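The values are calculated or read from the model by the stated rules, or taken from the named source; none is laboratory data. Small disclaimer: the values here were computed from a predicted structure and weren't measured. Glycine gets a Cβ as well: all are built from the backbone with ideal geometry, and neighbour counts include every protein chain shown. With ligands, DNA and RNA removed, areas are computed over all heavy atoms of the protein, side chains included. Shrake-Rupley method; radii C 1.70, N 1.55, O 1.52, S 1.80 Å.
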Amino acid sequence: MSEKICVLGVAGGSASGKTTIINKLQDYFGEDIAVISHDAYYKAHPDMTLEERSHLNYDHPDSFESDRMAEDVRKLIKGYAIDMPVYDYVVHNRSEETVRIEPKTVIVMEGILILENKELRDLMDIKIFVDTDADERLMRRIKRDMIERGRSIESIIDQYSQTVKPMHEEFVEPSKKYADIIIPRGGENAAGLDMLITYMTKKLHAEL
Ligand code: CTP
């Protein structure tokens, strides 16, 4: 049976549970999976101060270098390794480092807005949207941003109401229509995950 490449897109609102699903796919596919995050391609702002960067809109499609991500995914599909940028949420900037990603048979593209962008979307064999209620996503985001991203509760709530929520409604939620599979409640949805893995395995074994 010939092995093909399967490119999966994992979209969904902020803190919807994309990472949990991807961790479970990594448990299943092991060494055969490469994960490319849209967040790694946030535009760098070397001339701005930390204060200025902390007030930017990070939920608008224009805040990413999506063409560079598309180029990197095309290289992986052709069998070449890439040097993926690394993003540091604590200082709101791209770090000096890059991380080498080797080509794999399963390539996962993830991010809140990857289905909104046609160039990215066209690279995917399967598109999923993790659909989690806004109140749950906000609760998770508060915990995560305080613990992992060095934010205060005030800054999280201000950012949520000024950019995260309006951009979600304008760009993220409407992109759900491009998904092949909508997975409610995220990573704890065992049936959704099982169906996804079955479909991906068929794709890899050229049965579809
Ligand atoms: N973001 C931020 N500050 C930055 C850059 C990005 O607060 N300097 C936020 C954006 O507001 C955006 C979010 O990061 O809403 C995107 O990350 P998210 O999708 O929440 O993270 P994941 O861990 O991928 O989500 P999940 O919980 O679904 O795994």
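In this structure, the amide hydrogen of His45, modeled 1.01 Å from its nitrogen in the peptide plane, lies closer than 5 angstrom to those of Arg94, counting only residues at least 5 positions away or on a different chain.
Rounded to the nearest 500, what is the 222 nm mean residue ellipticity of the chain from helices alone, with -39500 (n - 2.57) per DSSP H run of 4+ residues and division by all residues?
-10000 deg cm²/dmol
Rounded to the nearest Hz, the phi-derived 3J(HN,Hα) couplings of the range 195-204 under the Karplus curve 6.51 cos²θ - 1.76 cosθ + 1.60 (θ = phi - 60°) are 5, 4, 5, 4, 5, 5, 5, 4, 4, 5, where x marks glycine and proline.
For the range 80-86, putting each phi into the Karplus relation 6.51 cos²θ - 1.76 cosθ + 1.60 with θ = phi - 60° gives couplings of 9, 6, 10, 10, 7, x, 10 Hz, in residue order, rounded to whole numbers and with x for Gly and Pro. Distance between the pseudo-spin-label points of Tyr89 and Ala206 (7 Å out from Cα toward the beta carbon): 4.1 nm.
Here the Karplus curve 6.51 cos²θ - 1.76 cosθ + 1.60, taken at θ = phi - 60°, turns the phi angles of the range 128-143 into couplings of 10, 10, 8, 10, 10, 4, 4, 5, 5, 5, 5, 4, 5, 5, 4, 4 Hz, with x standing for Gly and Pro.
Descending by average beta-carbon neighbour count within 10 Å, the peptides 19-28, 120-129 line up as 120-129, 19-28, the highest first. Near Asp131, the amide H atoms lying under 5 Å from its own belong to Ile183, Arg185, Gly186; only residues 5 or more places off or on other chains count, and H is placed 1.01 Å from N.
If R0 is 22 Å, the Cβ-Cβ spacing of Glu51 and Asp133 corresponds to a FRET efficiency of close to 0.10. Tell me, how many Å apart are the Cα centres for the range 92-130 and for the range 183-199? Computed from Cα coordinates, the inter-centre distance equals 19 Å.
Quick one: with all protein chains in place, what share of the accessible area of the chain is carbon or sulfur, to the nearest percent (1.4 Å probe)?
Of all accessible area on the chain, carbon and sulfur atoms account for 51 percent.
A convex hull fitted around the alpha carbon atoms of the range 1-62 yields 139 Å³ per residue. Treating r as the C-beta distance of Glu96 and Ile5 and R0 as 35 Å, the FRET efficiency rounds to 0.70.
Is the range 6-204 best put as rounded, prolate or oblate by its Cα gyration tensor, with a ≥ b ≥ c the root eigenvalues, rounded for a/c under 1.5, and otherwise prolate when a/b is larger than b/c, oblate when not?
Oblate, since a/c reaches 1.5 and b/c is not below a/b.
Taking amide H as placed 1.01 Å from N in the peptide plane, the amide H of Met109 sits under 5 Å from that of Leu8, Gly9, Val10, Ile36, each at least 5 places away or on another chain.
Any of Lys18/Lys118; Lys18/Lys78; Lys18/Lys165 with alpha carbons more than 24 Å apart? Name them for me. Too far apart for the 24 Å limit: Lys18/Lys78. Sites listed here are GluC sites (Glu not before Pro) in the range 87-152 whose DSSP assignment is loop and whose Cβ has at most 12 other Cβ atoms within 10 Å: Glu148. For the range 1-82, the list of GluC sites (Glu not before Pro) that fall in a loop by DSSP and count at most 15 other C-beta atoms within 10 angstrom reads Glu3. For the chain, the solvent-accessible area works out to 51 Å² per residue, with a probe of 1.4 Å and every protein chain left in place.
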